[in-house]
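First up is the structure itself, then whatever we jot down about it.
The values are calculated or read from the model by the stated rules, or taken from the named source; none is laboratory data. Remember, predicted model here, so these are calculated numbers, not experimental data. Here the Cβ is made from the backbone with ideal geometry for all residues, glycine too, and neighbour counts use every protein chain on show. The accessibility values were calculated without ligands, DNA or RNA, using every heavy atom of the protein model including side chains. Shrake-Rupley method; radii C 1.70, N 1.55, O 1.52, S 1.80 Å.
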Amino acid sequence: MRAVVYDRYGPPDVLRLEDVERPVPADDEVLVRIHATTVTRTDAGLRSAEYFITRGVTGLRRPKRKILGMELAGEVEAVGAAVTEFEPGDHVFGVKGFGAHAEYACVRESAPLAHKPAGMSFEEAAAVCDGVMLALPCLRRAGLREGQSIVVYGASGSVGTAAVQLARQFGAHVTAVCNTKNLELVRSLGADEAIDYLEEDFTKNGKTYDVVFDAVGKHSFRRCRGSLKPGGIYVSTDLGFLWHLPVLVLLTRWIGDKRAALGMAKYTKEDVLFLKGLIEAGEYRAVIDRRYPLEDVVEATRYVETGQKTGNVVLTVNGARPGGPQARGREEVSA
Ligand SMILES: NC(=O)c1ccc[n+]([C@@H]2O[C@H](COP(=O)([O-])OP(=O)(O)OC[C@H]3O[C@@H](n4cnc5c(N)ncnc54)[C@H](OP(=O)(O)O)[C@@H]3O)[C@@H](O)[C@H]2O)c1
């Protein structure tokens, strides 16, 4: 099968398309013929090993797992002897962790994998899990509940667009902060208010909120403090300048009435099923910025690394785009 492989850490050019052995499912695994996957900030971070700490997972000197790719959507090709939930021909979506930048991947039945929501394309289904699996633990960590107010800062990214839609589901009043071009998008995702960060600094508008969720790791507890209500909480996806956030998390447990928290991605089958339910109820939708064929992975990755994508970047695999024309070259698409 064709797969995108890399055997050293570095810039996007270390990625190359190669023929590799097609995996064979173990007893508890399904073999998925992948139709779509994504390039995420996590894929990019693992490949560059910009944060040395990630090498603890991927290999100290060079990558042990040579195929990246977390999200996937496709068709079950074969199942192991002990698999009961899926059968060949089923359309599935979910998170693999590693190995989705390929034509086929084996995924454990117990992994965050579920039947694809009815009426959703493979490309859309590939582009929903990553943002949700980070935004959801952050909103839970913040204890967000009905009637509360939340600011989602960086609302136009993968995590941000997920957070706006999920916070709305929690019954919160959502203020989304993004740039001018994405104001309409975040409103369409359910934001009650949208603030253009190029025009207005939300920390200076005199309003206070129960939760500030920094979905893109570009703000700080120090600057947001004044915008939090007493008992309010700042949650970020990022460790912050000089990795100070974990220290603040500890300090604010004991000092003051405003807290800081760090959200970590959590990938579970339960949450994929929860997301599937939201999608089928029309309460959640994919936000896709650009689509590239698998062979253009380097270009796709370079775009992701600009830090300016809107929502998600999809890689189409195995040529066909079900329900649409063949994916050729780069395309710009909005939600
Ligand atoms: N903790 C974890 O487990 C974990 C796991 C994965 C990722 N992360 C982190 O999660 C964060 C979000 O990931 P993502 O995939 O959602 O990012 P992303 O999609 O790459 O975010 C890009 C979006 O953020 C906006 N943005 C950039 N700079 C901004 C600023 N200063 N103020 C407001 N908006 C800004 C961009 O809009 P503009 O056009 O305005 O620039 C763009 O729409 C990243 O920092 C990533 O490192 C954490």
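Take the conditions (1) in contact with a Lys or Arg (Cβ under 6 Å, 6 or more places away or on another chain); (2) under 26 Å from V216 (Cα atoms); (3) among the basic types (K, R); R62 misses just one of them, which is (2). The number of residues in the range 70-98 that are of a type outside the set (A, V, I, L, M, F, W, C), out of contact with any Lys or Arg (no Cβ under 7 Å at 6 or more places or on another chain) and modelled with pLDDT of 95 or more comes to 9.
Considering the range 74-115 alone, what residues qualify as being of a type in the set (D, E, K, R) and in a loop (DSSP other than H, G, I, E, B)?
Filtering the range 74-115 down to residues of a type in the set (D, E, K, R) leaves 75, 77, 85, 87, 90, 96, 103, 108-109.
Answer for the range 74-115, where residues must be of a type in the set (D, E, K, R) and in a loop (DSSP other than H, G, I, E, B): E85, E87, D90, K96, E103, E109.
Kindly indicate whether any position in the range 73-93 is without any contact (Cβ under 8 Å) to a residue 60 or more places away in the chain and within 23 Å of V159 (Cβ to Cβ). Taking every residue of the range 73-93 in turn, at least one turns out to be without any contact (Cβ under 8 Å) to a residue 60 or more places away in the chain and within 23 Å of V159 (Cβ to Cβ). Across the range 108-141, what is the total count of residues that are of a type in the set (A, V, I, L, M, F, W, C), open to solvent by 10 Å² or more (accessible area, probe 1.4 Å) and under 15 Å from K266 (Cβ atoms)? Final tally of qualifying residues: 2. Restricted to the range 43-73, and to residues there that are part of a helix (DSSP H, G or I), in contact with a helix residue (DSSP H, G or I) (Cβ under 8 Å, 6 or more places away or on another chain) and open to solvent by less than 60 Å² (accessible area, probe 1.4 Å), the residue that is nearest to A105 (Cα to Cα) is D43.
Of the strands (runs of 3 or more DSSP E) contained entirely in the range 199-262, those carrying at least 2 residues that are loosely packed, with under 15 Cβ neighbours inside 10 Å fall at 228-236. Scan the range 109-117 and give yes if some residue there is hydroxyl-bearing (S, T, Y) and away from the ligand (no atom under 16 Å from the Cβ), otherwise no. Yes, that holds for at least one residue. Just to be sure I understand, how many residues within the range 144-175 are assigned to a strand (DSSP E or B) and either among the polar types (S, T, N, Q) or within 15 Å of the ligand (Cβ to nearest atom) (or both)? Result for the range 144-175: 5.
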